[in-house]
Each structure stands twice: as C-alpha cells, then as structure tokens.
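The values are calculated or read from the model by the stated rules, or taken from the named source; none is laboratory data. Nothing here was measured: the structure is a model prediction, and the numbers come from that model. Cβ: placed from backbone, ideal geometry, glycine included. Neighbour counts: every protein chain shown. Surface areas here come from the heavy atoms of the whole protein model, side chains and all, with no ligands, DNA or RNA. Shrake-Rupley method; radii C 1.70, N 1.55, O 1.52, S 1.80 Å.
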Amino acid sequence: MAKFTLYLVRHGQTYYNVFNKLQGWSNSPLTQQGIDDAVATGKRLKDIKFKAAYCSDLTRAQKTMSLLFDQNETFNSITPIVSPFFREEFYGYFEGLNMDEVWYQAGAPHGAKTFAEIIDQYDMNVAKDFLKQADPFHMAENAEEYWHRLQQGLDLITSNPNIEDGDSVLLVSHGNTLLSLVDRFSQPGQFDLRTRPANGSITKLAVDGDQLTVTDYNK
C-alpha cells in the first residue's frame with residue numbers, strides 16, 4: 001500500500017447550514033456563498049496534481065466536487081468515485097430539525113446540553129450513540145453502524161492500486177464526517193472538535209497503507 005496525502009474538503013454552504021438544521025442524508029442546495037466557497041477552495045487546490053478523487057453521493061458534495069474540478073486541469077483525467085460510504089452521519093428522526101434542539105434532546109439526559117458539552121464530557125462516538133438512543137425510531141446511526149459504513153469508503157481509497165507513494169488524493173464529504181475522521185486519526189486533545197469545520201475547509205491526512213494521521217486540520 002502507498003504513502004500519500006488525503007485532502008478532505010467539506011462541501012460548500014447549504015441552506016440547511018444557514019438555518020442551523022441537521023442535514024445528514026437529507027439535502028438542501030448550495031447557497032451562492034456555498035458556490036463561492038467551493039470555487040475559492042478549488043483555487044486553493046488548483047496547483048495540486050491529484051491522482052484520484054472520491055465523493056459522497058449526496059448532491060451538495062457532488063456539486064462541490066464539480067466546482068472544484070472546474071478549477072484544476074489535473075481533474076480532466078480523473079473519474080471520481082462517488083459512493084454512499086462517504087455520506088454524512090444519518091440522523092434518523094432528527095433529519096432537518098434544529099441542530100441545537102436535537103443535541104439538547106440527545107445530551108441532556110446525560111448531563112450535557114449542547115454538542116460542545118457532549119464532546120467535552122464524552123466524545124464523538126458517544127455523541128452518535130446518544131443520538132440513536134434519543135431517536136424515537138432508533139434509526140439514526142450509532143458509532144458502530146457509522147464506522148462500519150465509513151470504513152468501507154476508507155478501504156476503497158487505501159486499496160486503490162493506482163495510488164502511488166507521494167500522490168495526492170481528494171475526498172469531498174461533510175462536516176460531522178470530517179470531524180469524526182479528525183477525532184479518530186489525531187491525538188486526544190490535539191484539535192478542538194466542539195465546532196464543525198467551515199464549509200469549503202481543507203484538512204489533510206497522511207496515509208501510510210491503512211494507517212491514517214491528521215497532519216493539518218483547517219477549520
């Protein structure tokens with residue numbers, strides 16, 4: 001397996017982001033600011049020669065990737081791999097609801113009234129478990145279900161025989177997914193995970209075979 005750099009990009013701003021709603025597997029369009037986010041990020045990445053590109057199959061991520069591709073000629077020879085493995089966490093009953101109210105319902109029974117308090121007192125995986133417990137239909141993904149899905153996406157990337165040492169690879173995904181990856185592949189306390197990364201932000205991971213390490217978390 002190769003040693004390469006994985007660039008993680010969060011999709012551009014959507015209307016649900018503006019309205020402070022959980023999106024999960026639901027979709028809302030990119031705002032004009034979201035389009036501008038993606039174009040600006042594409043310009044930041046325009047001189048990087050990417051060997052492969054991966055993307056969540058949700059439309060906000062695919063639109064963002066399309067805008068990134070417009071800014072970088074190296075993408076002309078790449079066919080992106082679009083997969084549900086890279087989707088945002090599924091929030092079940094809470095899809096489309098106010099984010100602050102949802103995290104209160106999930107965390108308050110455990111003494112944590114906000115997402116930040118859940119992260120301070122527990123961690124990202126516990127936050128997922130709390131959400132599934134609070135979901136009256138118990139359809140939201142817990143940590144085990146979430147990582148089972150996402151790991152299949154990571155395996156798609158690390159097992160790609162066309163990626164060689166020193167290559168750069170792009171992944172366009174989502175805020176909570178990016179936070180979850182940073183949490184899992186960084187040292188405890190290395191980064192502040194209480195707030196989501198900015199739309200269009202770039203985070204870098206060093207990949208060595210199946211070992212991933214966060215080298216730059218750009219909120």
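Table: residues versus (1) farther than 30 Å from Thr74 by Cα; (2) open to solvent by 60 Å² or more (accessible area, probe 1.4 Å); (3) basic (Lys, Arg); (4) at pLDDT 95 or above.
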residue: Tyr93; (1), (2), (3), (4): yes, yes, no, yes
residue: Gln151; (1), (2), (3), (4): no, yes, no, yes
residue: Ser159; (1), (2), (3), (4): no, yes, no, yes
residue: Val172; (1), (2), (3), (4): no, no, no, yes
residue: Thr177; (1), (2), (3), (4): no, no, no, yes
residue: Asp183; (1), (2), (3), (4): yes, no, no, yes
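What about Thr59, is it surrounded by fewer than 18 Cβ atoms within 10 Å (Cβ to Cβ) and β-branched (Val, Ile, Thr)? Can you show your working first?
Working: surrounded by fewer than 18 Cβ atoms within 10 Å (Cβ to Cβ): yes; β-branched (Val, Ile, Thr): yes.
The answer is yes for Thr59.
Mind counting the residues in the stretch 114-129 that are within 14 Å of Asp183 (Cα to Cα) and more than 18 Å from the chain's Cα centre (by Cα)? Even if it seems obvious, please write down each step before you answer.
At the first step, the residues of the stretch 114-129 found to be within 14 Å of Asp183 (Cα to Cα) are 116, 118-120, 122-128.
Of the ones still in play, those that are also more than 18 Å from the chain's Cα centre (by Cα) are 118, 120, 122.
Counting residues in the stretch 114-129 that are within 14 Å of Asp183 (Cα to Cα) and more than 18 Å from the chain's Cα centre (by Cα) gives 3.
So His138 ticks every box in (1) part of a helix (DSSP H, G or I); (2) in contact with a Gly (Cβ under 8 Å, 6 or more places away or on another chain); (3) more than 24 Å from Asp192 (Cα to Cα) but one. Which box is left unticked?
Evaluating His138 over (1) part of a helix (DSSP H, G or I); (2) in contact with a Gly (Cβ under 8 Å, 6 or more places away or on another chain); (3) more than 24 Å from Asp192 (Cα to Cα) leaves (1) as the failure.
Just to be sure before I move on: is Ala53 among the aliphatic types (A, V, I, L, M) and over 30 Å from Phe94 (Cα atoms) in the structure I sent? Outline the logic, then answer.
Working: among the aliphatic types (A, V, I, L, M): yes; over 30 Å from Phe94 (Cα atoms): yes.
For Ala53, the condition - among the aliphatic types (A, V, I, L, M) and over 30 Å from Phe94 (Cα atoms) - is met.
Identify the residue in the stretch 141-165 that is assigned to a helix (DSSP H, G or I) and of a type in the set (Gly, Ala, Ser) and, among all such residues, is farthest from Ala2 (Cα to Cα).
Step one: filter the stretch 141-165 for residues assigned to a helix (DSSP H, G or I), giving 143-158.
Going one step further and asking which of them are of a type in the set (Gly, Ala, Ser), we end up with 143, 153.
Working: Ala143: 28, Gly153: 17 Å.
This residue is Ala143.
Would the stretch 119-128 turn up any residue that is assigned to a loop (DSSP other than H, G, I, E, B), out of contact with any Ser or Thr (no Cβ under 6 Å at 6 or more places or on another chain), farther than 27 Å from Lys51 by Cβ and among the aromatic types (Phe, Trp, Tyr)?
First, pick out the residues of the stretch 119-128 that are assigned to a loop (DSSP other than H, G, I, E, B): 122-123.
Then drop every residue that is not out of contact with any Ser or Thr (no Cβ under 6 Å at 6 or more places or on another chain), which leaves 122-123.
Subsequent filtering for residues that are farther than 27 Å from Lys51 by Cβ retains 122-123.
Next, only the ones that are among the aromatic types (Phe, Trp, Tyr) stay: 122.
Looking through the stretch 119-128, at least one residue is assigned to a loop (DSSP other than H, G, I, E, B), out of contact with any Ser or Thr (no Cβ under 6 Å at 6 or more places or on another chain), farther than 27 Å from Lys51 by Cβ and among the aromatic types (Phe, Trp, Tyr).
So Tyr122 ticks every box in (1) touching a helix residue (DSSP H, G or I) at 6+ places or on another chain (Cβ under 6 Å); (2) aromatic (Phe, Trp, Tyr); (3) at pLDDT 95 or above but one. Which box is left unticked?
(1)
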